[in-house]
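Shown next, in structure tokens, is the structure this report addresses.
The values are calculated or read from the model by the stated rules, or taken from the named source; none is laboratory data. Remember, predicted model here, so these are calculated numbers, not experimental data. Cβ coordinates were reconstructed from backbone atoms using ideal geometry, including for glycine residues, and neighbour counts include every protein chain displayed.
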Amino acid sequence: MKRKYKALMLDLDGTLILNQKGGLPSIAVTKAITKAKKHVHICLATSRPYIYVKNILDHLSLNGYSTINGGSQIINSTTRDFVWEQPMDQEDIAILSEILTKEGISFWFTNDNANIYPPFQSIPKRVFQIYIGHDFTNPQADSLIAKISHLPNIAAHKVPSWNKGFFCITITHAKATKQHGVFEVAKLLGFKTHDMIGVGDGYNDFPLLMSCGLKIAMGNAVPELKEIADYVAPTVENDGIVDIINKFIL
């Protein structure tokens, strides 16, 4: 007999959709999610800000809460109300801006509804995420993260670039990761995190998977994520989400 899970927490790029700008779930995945919504809450957990999630929410008409901006905001997927948030500290933003500028690395800020690109006239009052959209190799990304790791109130994660084989970096408040998103969504829905399934493919999905009762890595996931997973699904190209829904929900 299948265990009855109550929520499915899905990473977006490389998990629910192909890792590319403007993509939507395949027809097969869309149909599977429509069926799954009758049994569980379907929630997103993504580093994208709302402006780049809206089309996915419109397409799927989800019934749960979604963690966006790397875990720094949670929205009601139906009403689109922001129900929880944790912006970055202004002092950390100033320090990070100075470090990245000295390194000659381009970056931008995300706030409630937009990306804020350079040149910056001043530091915005509300910043939820710093996004470093440079194409790093894995060692280069690790090196930069090490340079900023002395800041105790930030969390930095590698995310797959839209250029295959490279990585970008996201920075949020230390209390605003996908793990915190899972905890807050569980509170909002009124059940325990072990009743949730977490699905992802990237390094920034470690906090997501480690917080959920069932940890699933996509077939295209980084090797380290597969190692901690309870189950490895087919790749995003092969509609792995359909397999997950059929195996664990329907």
### Message
Which numbered condition in (1) surrounded by fewer than 22 Cβ atoms within 10 Å (Cβ to Cβ); (2) closer than 16 Å to ILE42 by Cβ is the only one that ALA233 fails?
### Response
(1)
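Using the structure shown, decide if VAL242 is modelled with pLDDT under 95 and either over 14 Å from the mean Cα position of the chain (by Cα) or of a type outside the set (Lys, Arg) (or both).
Details: modelled with pLDDT under 95: no; either over 14 Å from the mean Cα position of the chain (by Cα) or of a type outside the set (Lys, Arg) (or both): yes.
Criteria not met by VAL242.
Would you say LEU16 is surrounded by 21 or more Cβ atoms within 10 Å (Cβ to Cβ) and either under 24 Å from ASN113 (Cβ atoms) or hydroxyl-bearing (Ser, Thr, Tyr) (or both)? So that I can check it myself, show each step before the final result.
Details: surrounded by 21 or more Cβ atoms within 10 Å (Cβ to Cβ): yes; either under 24 Å from ASN113 (Cβ atoms) or hydroxyl-bearing (Ser, Thr, Tyr) (or both): yes.
So LEU16 fits the description; yes.
Considering only residues that are part of a loop (DSSP other than H, G, I, E, B), small (Gly, Ala, Ser) and more than 17 Å from the chain's Cα centre (by Cα), which ones fall in the stretch 12-54?
Applying the first criterion (part of a loop (DSSP other than H, G, I, E, B)) to the stretch 12-54 yields 12, 14-16, 18-26, 37-40, 46-49, 53.
Next, only the ones that are small (Gly, Ala, Ser) stay: 14, 22-23, 26, 47.
Correct list: SER26 only.
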#### Entry: Filter pass, ARG126 being within 17 Å of ALA176 (Cβ to Cβ), of a type in the set (Lys, Arg) and loosely packed, with under 15 Cβ neighbours inside 10 Å
yes
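Could you identify the single residue in ILE216, ILE228 that is over 21 Å from GLY133 (Cα atoms), in contact with a strand residue (DSSP E or B) (Cβ under 7 Å, 6 or more places away or on another chain) and surrounded by 20 or more Cβ atoms within 10 Å (Cβ to Cβ)?
Result: ILE216 is the single residue among ILE216, ILE228 that is over 21 Å from GLY133 (Cα atoms), in contact with a strand residue (DSSP E or B) (Cβ under 7 Å, 6 or more places away or on another chain) and surrounded by 20 or more Cβ atoms within 10 Å (Cβ to Cβ).
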### Selection from the stretch 55-101 of residues that are in a helix (DSSP H, G or I), loosely packed, with under 13 Cβ neighbours inside 10 Å and charged (D, E, K, R)
ASP58, GLU91, GLU98
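In the list LYS192, LYS226, which residue meets the criterion of being farther than 16 Å from CYS43 by Cα, of a type in the set (Lys, Arg) and free of Cβ contacts under 8 Å to residues at least 24 places away in the same chain?
Numbers: LYS192 fails: farther than 16 Å from CYS43 by Cα.
Only one candidate qualifies: LYS226.
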### Criterion (touching a residue at least 12 places away in the same chain (Cβ under 8 Å), among the hydrophobic types (A, V, I, L, M, F, W, C) and out of contact with any helix residue (DSSP H, G or I) (no Cβ under 8 Å at 6 or more places or on another chain)) met by exactly one of ILE74, ILE68, ILE95
ILE95
### Task
Return a yes/no flag: does the stretch 140-155 have any residue that is in contact with a strand residue (DSSP E or B) (Cβ under 6 Å, 6 or more places away or on another chain) and assigned to a strand (DSSP E or B).
yes
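Is it the case that some residue within the stretch 22-31 is under 23 Å from GLN179 (Cα atoms) and either in the same structural domain as CYS168 (by TED's automatic domain parsing) or out of contact with any Cys (no Cβ under 9 Å at 6 or more places or on another chain) (or both)? Full working, then the answer.
Here is the first cut: in the stretch 22-31, the ones under 23 Å from GLN179 (Cα atoms) are none.
No, the conditions are met nowhere in the stretch 22-31.
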### Query
Tell me, which residue of the stretch 104-127 that is at pLDDT 90 or above and not in a strand (DSSP E or B) is nearest to the chain's Cα centre (by Cα)?
VAL127
#### Entry: Members of the stretch 102-117 found to be surrounded by 14 or more Cβ atoms within 10 Å (Cβ to Cβ) and closer than 14 Å to THR170 by Cα, listed by number
ILE105, PHE107, TRP108, PHE109, THR110, ASN111, ASN115
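I'd like the residue in the stretch 161-191 that is assigned to a loop (DSSP other than H, G, I, E, B) and basic (Lys, Arg) and, out of all such residues, is surrounded by the fewest Cβ atoms within 10 Å (Cβ to Cβ). Explain how you work it out, then say what you get.
So the first thing to find is which residues in the stretch 161-191 are assigned to a loop (DSSP other than H, G, I, E, B), and the list is 161-166, 174-177, 190-191.
Going one step further and asking which of them are basic (Lys, Arg), we end up with 164, 175.
On the way: LYS164: 8, LYS175: 12.
The selected residue is LYS164.
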